[in-house]
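Below is one structure, written out as structure tokens; comments come after it.
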Amino acid sequence: MRLTNKKLIIIFAGLLLLSAAWILTLRLGPEKGGTAQIYVDGVLRYEIDLSRVEKEYEIELEHNTVLITRGGVRMLSADCPDGLCIRQGLISSGAYPIVCLPNRVEIRIVSGGGFDAATGGGA
Amino acid sequence: MNTKKLVLCGVLSAAALGISIAEAQIPVLIAVPGIKLGLANIVTLIAIPLLGRRRAGAVLLVRIVLGAVFAGTGLSFLYSAAGGACCFALLCALSRFFTGRRFWALGVLGAIAHNSAQLLCAVLVMNSRYLLWYAPWLLGAAVLTGALTGLAAQLALPRLKRALKFTAPRK
């Protein structure tokens, strides 16, 4: 197993290209619209059919605030140290979820028929 | 253990801790959970040849624990520990195969192990497979940041060895 530096560079560059290609294929996939689900501590707290949203509104969780619009959802505010969840911006399709790891909040959009409901809530 | 090695353990632990906390203040370029430069791993990488695997492991443990105590939560400790443990295990297994001018590869491999372990940990904690969407971002970031930190460690190591006039310890 003579792994020269050149071979290593090629292997790692290949991995880099692979991950780039992988990212691109993910972006092309899912379509807009669907149902937004908000999970806190692994429990589904809110489920919102985005196509039924008429006026944008906010949902306040213990540590985060979520903005719901017809075109997508985003994290409006959070008390976590990194604020990554806010910088993740608007999600409008069934691709990446918005996660606030320190506060254990996850927002994902699932496509297909959902129902417009707020499940549970409270603590 | 002799005084010199003990002091080196302390210095490297402090360095790793300082780097880790300083790095946490730098806002990350890409909004992907778990992405970071991982500069503190430079210390882990050089600790293995300088101090041996066991002491390097101790340095890593001190950095993870104190890092969580000073600047983290119980949850961040969990992610840190998961990533650090997997990274270190891999480095221990592979360090003898990548020496000299190929040392930097350990940086990449360690970073891949670290990010993969952290992602899996997050998937388990959040109970969500959807987090796996971030896998390619974390993989690409691991290759890039790992190469950088690995290269830094590779360049620093011989100079450090000379400055400290060290010979490699017997484990």
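Structure values in brief
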read-out: For the protein assembly as shown, cysteines whose Cβ has no other cysteine Cβ within reach (under 4.7 Å); value: A:Cys80, B:Cys9, B:Cys86, B:Cys87, B:Cys92, B:Cys121
read-out: Two-site label geometry, A:Arg2 and A:Ala20: point separation in nm, points 7 Å out along Cα→Cβ; value: 3.0
read-out: Accessible-area value, A:Asp41, 1.4 Å probe, nucleic acids and ligands omitted, Å²; value: 80
read-out: Exposure ranking of B:Arg63, A:Arg74, B:Arg162 by accessible area [1.4 Å probe, largest first]; value: B:Arg162, A:Arg74, B:Arg63
read-out: Average other protein chain Cβ within 10 Å of Cβ, residues B:32-41; value: 2
read-out: Accessible heavy-atom area order of B:Ile48, B:Ile26, highest first, probe of 1.4 Å; value: B:Ile26, B:Ile48
read-out: Listed residues B:Gln154, B:Gln25, B:Gln118, most fluctuating in chain B (Gaussian network, C-alpha, under 10 Å); value: B:Gln25
read-out: Accessible-area composition of chain B, carbon plus sulfur, in percent [1.4 Å probe]; value: 70
read-out: Potential lengthening between B:Ala22 and B:Lys4 on full extension [0.36 nm per residue; Cα-Cα distance subtracted]; value: 3.8 nm
read-out: Partner chain coverage, peptide B:23-31 - average Cβ within 10 angstrom; value: 3
read-out: For chain B, Kirkwood radius (reciprocal of mean inverse C-alpha pair distance, Å); value: 16.2
read-out: Accessible area, probe 1.4 Å, largest first, for residues B:Leu60, A:Leu24; value: A:Leu24, B:Leu60
read-out: Charge dipole (the protein assembly as shown, unit charges on Cβ, about Cα centre) - positive-most of B:Gly83, B:Pro33, B:Ser13; value: B:Ser13
read-out: Total accessible surface hidden between A and B, rounded to 100 Å², 1.4 Å probe; value: 2900
read-out: Among B:Cys92, B:Ala111, A:Val110 the positive-end extreme of the charge dipole of the protein assembly as shown (Cβ point charges); value: B:Cys92
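The values are calculated or read from the model by the stated rules, or taken from the named source; none is laboratory data. Only a predicted model underlies this, so the values are computations on that prediction, with no experimental measurement involved. Glycine also receives a Cβ, built like all others from the backbone with ideal geometry; neighbour counts cover every protein chain displayed. When the accessible area is computed, the model is the full protein with side chains, heavy atoms only, and any ligands, DNA or RNA have been set aside. Shrake-Rupley method; radii C 1.70, N 1.55, O 1.52, S 1.80 Å.
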